[in-house]
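A.B. asks: Structure provided below as structure tokens; questions to follow.
Where a number appears in this text, it was derived from the coordinates with a stated rule and is not lab data. Values in this document were obtained by computation on a predicted structure and should not be read as measured data. Using ideal geometry, Cβ is built from the backbone for each residue, glycine included, and neighbour counts are taken over all protein chains shown.
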Amino acid sequence: MKTLLLPLWFTGAGLQAIIGGVMLWRNLYRKFPVFLAYILSQLLRFIILYSAFEAGNKELYRHAFLTLEVVDAVLSFAVIYELFAITFRAYEGIRELGWLLLRWASVVLVGVALVVAFSQSGGDKDPFLEGLFALEMGISVVKGGLLFLLFVLHAGLGLRWGRHGFGIAMGFGVLSSIALASVTLRFHYGIDSNPVLSLINSAAYDCAVVAWLVAFLRSDAVRIAPPRPPKWDVEDWNRTLQELLQR
């Protein structure tokens, strides 16, 4: 299994380095500074975890993994918020209402995630692993829910995705879906499923990185149109919401 995992780890790290270089070369870090910070943090994560893995220090690896998992979650949520801010930058009224919806959705999703995570039991004798997988399940639920809300708002308001933003959102959507499925399977099948699920997660992450790289290698000028024309004028909605929020 190690023979299969290492190429996936190095492939993902190499592709992330290319993404960072492309973003700097095309000045895309100005539009997506948080996403660039996420990419750089993932490169640092690879260096730290791989060093601990090669050293054979299980305790160091475990604690480093937990710390970096928290950092990963914070930056992932920040990227989703960044996508939201970019999407509704031109619509102040909708943006204010959207922030309100996003905040309340976050609170609700955190509550749902806690209930789902701690109602599971993987039968692990190690409390550390039990808590870690509960944390991962909760994070996946929240990220998936926020991404779903973002896609719903896009479709409902008839807005158009830029290629870069769409690529980022799709990549995170794949990661959240696979992570949630793998953690659920891990709780069901126990510790014996770890090697296979680790391989699946690594492969899924590489797929997400490929999606990001393809998106950033292409121009953002071409927009992805919604499946149907909007049934209302977004500008009118924006003006109406601005008037209501100013009262």
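A.B. asks: Give the peptides 8-17, 136-145 in descending order of average Cβ contacts within 10 Å, highest first.
C.D. replies: Working: 8-17: 16.9, 136-145: 22.2.
My ranking of the peptides, most packed first, is 136-145, 8-17.
A.B. asks: On to the next question. Between K58 and W25, what's the calculated FRET efficiency when r is the beta-carbon distance and R0 is 35 Å? Round to 0.05.
C.D. replies: Here the calculated transfer efficiency is 0.35.
A.B. asks: What list of ³J(HN,Hα) couplings, whole Hz, do you get for segment 37-49 from phi and the Karplus terms 6.51, -1.76, 1.60, once you set θ to phi - 60° and write x for glycine and proline?
C.D. replies: Values per residue, Gly and Pro as x: 4, 5, 4, 5, 5, 5, 5, 5, 4, 4, 4, 5, 5 Hz.
A.B. asks: Calculate one ³J(HN,Hα) per residue across segment 154-163 by plugging θ = phi - 60° into the Karplus curve 6.51 cos²θ - 1.76 cosθ + 1.60, and present them in order as whole Hz with x for glycine and proline.
C.D. replies: Using θ = phi - 60°, the values come out as 4, 5, x, 8, x, 7, 10, 7, x, 4 Hz.
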